[in-house]
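Heads up: the structure comes next, in structure tokens.
The values are calculated or read from the model by the stated rules, or taken from the named source; none is laboratory data. None of the values given here were measured: they were computed from a predicted structure. For neighbour counting, all protein chains shown are included, and Cβ atoms are generated from backbone atoms with ideal geometry for every residue, glycine included.
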Amino acid sequence: MLHFKIVSPERIVFEDDVDQVTIPTKDGEITVLPNHLPLVAALQAGELLIKTGAARIPMAISGGFVEVQPKSQVIVLADTAEKVEEIDLERAEAARQRAQMLAKDKITEASEYAALAAKMEKELVRLKIARKYRRDHRVPTPVQG
Amino acid sequence: MAVSPKIIKRRIRSVSNTKKITKAMELVSAAKMRKAVARTLASRAYAGTAWELVQRLTMRVDYQHPLLGNKQDESTYSSSDSDDASEESRSSRQARTVNKTAVIVISSNRGLCGSFNARIAGEALKMKDVEYITMGRKSRDIIRRNGATIAADFEKKDITTSIADLSPLTRLVMDGFLDGTYSRVSVVYMDFISSLVQQSRVKQLLPFIAEEDENLGVIGTSPRNLTPTLSSEEREKLTKRGEYEYLIEPAPDVVLNDLLPRLVELQLYQSVLESEASEHSARMLAMRNATDAAGDMMQELTLMYNQARQAGITREIAEIAGGKAALEN
């Protein structure tokens, strides 16, 4: 068993014992199984997938860090994290369009551009994940955690 | 009973008006407090976890990040450090010792919140030979009155909603620290323990040092803290260098460059939130006390008024009786 915890600045999104977790890091997707060696990695926007038994819990995250401690403790510090059922498709689409509109305006500062690009990426990931799991209804209702 | 009932009546009216105002302020503060406390508690878990991660990480990484500053124990440095680098770091360290400490003071903009601002400013003024960066009008005024140096003053919003609100401040202290203007950056804030208890705290923000003192660093150390507190033995075991090594992806410098500035920002944000929750709690309490005191005062004045009125009636009756007796004789 793997003790997994994911926190975002707003709340503890999920904390429970799970079988395995797939996490999008900057170097590519990794899957953490019990007794993984200690690791710290930077994350990028993408899909985080938790598996416990037959249940799968997909989440959209947008960057952050993961820390794997000895004795199968995994902590994710996510900038934002949402379970798929929490993503409002229409609002995600609207947010993406807003970001796109903003990108069309002139951007003078580099930091501003980076922030906007990050926002775009985040919204795209949210949309992608929400669509993916809405279309096929294979996702079982998640374990309340 | 020299005071006339008329004057007492006027005083009662004035006290009752004040009571209405304090009551309204209490309710407003209570609503603001609920929001501020919810935000504070929600982000505590994240801030605490991030802080723990950095502590564990810096224990096990030889990479020298400028924001990390000096490690206490020089002997733990790996001997692979080239001579140039250690020479350079020594000289920069020497330069740093003569430099100043910056203290960020987070207070409120408005008064009427008990001893809240006085306690924060008092805590800040205990430190000697420092430069202050104030946030909030009250601390600025108190510190200026005391003739201390204020390096910068930031306007505090009544409600801080996003970390981005604090980015100018974060940038100032981080740049100041990196270019050697400041050798140390601390923050003074009011830790929210409960709506009745708040504690002023000083926390070192930069450089990051894994401190023994558990209050230092961990914002929101309170019985309600969401991260389980480790026993000192466990803590020692966890922080012991060489117990295990981390694999760091993509590379230590990339991760630390990303993580450390964010942590500074986060710690600052959390201390602002804690201060905000404390401010509203303090104000609510102060206003409740004022309302209660006004109620007591009204009761006393009403009693006095009735006594004065009764005395007047008694006197009038006595006069009538006296007049009648005089006529009959």
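Only one of the numbered conditions (1) farther than 20 Å from B:Leu260 by Cβ; (2) touching a strand residue (DSSP E or B) at 6+ places or on another chain (Cβ under 8 Å); (3) surrounded by 20 or more Cβ atoms within 10 Å (Cβ to Cβ) is not met by B:Phe177, and that is (1). For the stretch B:33-48: of the residues being surrounded by fewer than 20 Cβ atoms within 10 Å (Cβ to Cβ) and in contact with a Lys or Arg (Cβ under 8 Å, 6 or more places away or on another chain), which is modelled with the lowest pLDDT? Residue satisfying both the conditions and the ranking: B:Ala42.
Residues checked against (1) over 29 Å from B:Ala38 (Cα atoms); (2) among the small types (Gly, Ala, Ser):
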{"residue": "B:Asp141", "(1), (2)": "yes, no"}
{"residue": "B:Ile163", "(1), (2)": "no, no"}
{"residue": "B:Ser167", "(1), (2)": "no, yes"}
{"residue": "B:Thr170", "(1), (2)": "no, no"}
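Anything in the stretch A:56-80 that is assigned to a strand (DSSP E or B) and either in contact with an Asp or Glu (Cβ under 7 Å, 6 or more places away or on another chain) or over 26 Å from B:Asp253 (Cβ atoms) (or both)? List them, or say none. Residues satisfying the conditions are A:Arg56, A:Ile57, A:Pro58, A:Met59, A:Ala60, A:Gly64, A:Ile75. Screening the candidates B:Gln299, B:Gln267 for the property of being within 14 Å of chain A (Cβ to nearest Cβ) and either modelled with pLDDT of 90 or more or surrounded by 19 or more Cβ atoms within 10 Å (Cβ to Cβ) (or both) yields one hit, B:Gln267. For the stretch B:125-141, the condition holds for at least one residue, the condition being that it is part of a helix (DSSP H, G or I), touching a residue at least 12 places away in the same chain (Cβ under 8 Å), crowded, with 18+ Cβ neighbours inside 10 Å and of a type in the set (S, T, N, Q).
A residue that is exposed (fewer than 14 other Cβ atoms within 10 Å of the Cβ), under 20 Å from the mean Cα position of the chain (by Cα), within 14 Å of chain A (Cβ to nearest Cβ) and on the phi < 0 side of the Ramachandran plot occurs nowhere in the stretch B:180-194.
Each row is one residue, and each column tells you yes or no for (1) under 21 Å from B:Met190 (Cβ atoms); (2) within 14 Å of chain A (Cβ to nearest Cβ); (3) of a type in the set (Ser, Thr, Tyr).
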site	(1), (2), (3)
B:Met25	yes, no, no
B:Lys35	yes, yes, no
B:Ala42	yes, yes, no
B:Thr49	no, yes, yes
B:Gln55	no, yes, no
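Residue check: B:Asp292 meets all listed conditions (1) within 14 Å of chain A (Cβ to nearest Cβ); (2) acidic (Asp, Glu); (3) over 22 Å from the mean Cα position of the chain (by Cα) but one, namely (1).
Across the stretch A:29-43, what is the number of residues that are free of Cβ contacts under 8 Å to residues at least 40 places away in the same chain and more than 7 Å from chain B (Cβ to nearest Cβ)? Final tally of qualifying residues: 8. Quick one: in the stretch A:1-28, of everything that is loosely packed, with under 14 Cβ neighbours inside 10 Å and away from chain B (no Cβ under 12 Å), which residue is nearest to the chain's Cα centre (by Cα)? Residue satisfying both the conditions and the ranking: A:Asp17. Would you be able to tell me the number of residues in the stretch B:57-71 that are in a helix (DSSP H, G or I) and away from chain A (no Cβ under 14 Å)? Qualifying residue count for the region: 3. Identify, please: which residue in the stretch A:62-98 is surrounded by 15 or more Cβ atoms within 10 Å (Cβ to Cβ) and of a type in the set (S, T, N, Q) and is, among those, farthest from A:Lys119 (Cα to Cα)? Out of the qualifying residues, it is A:Ser72. Filtered by the rule that a residue be surrounded by fewer than 21 Cβ atoms within 10 Å (Cβ to Cβ) and not in a loop (DSSP other than H, G, I, E, B), the stretch A:44-55 gives A:Glu47, A:Leu49, A:Lys51, A:Thr52, A:Ala55.
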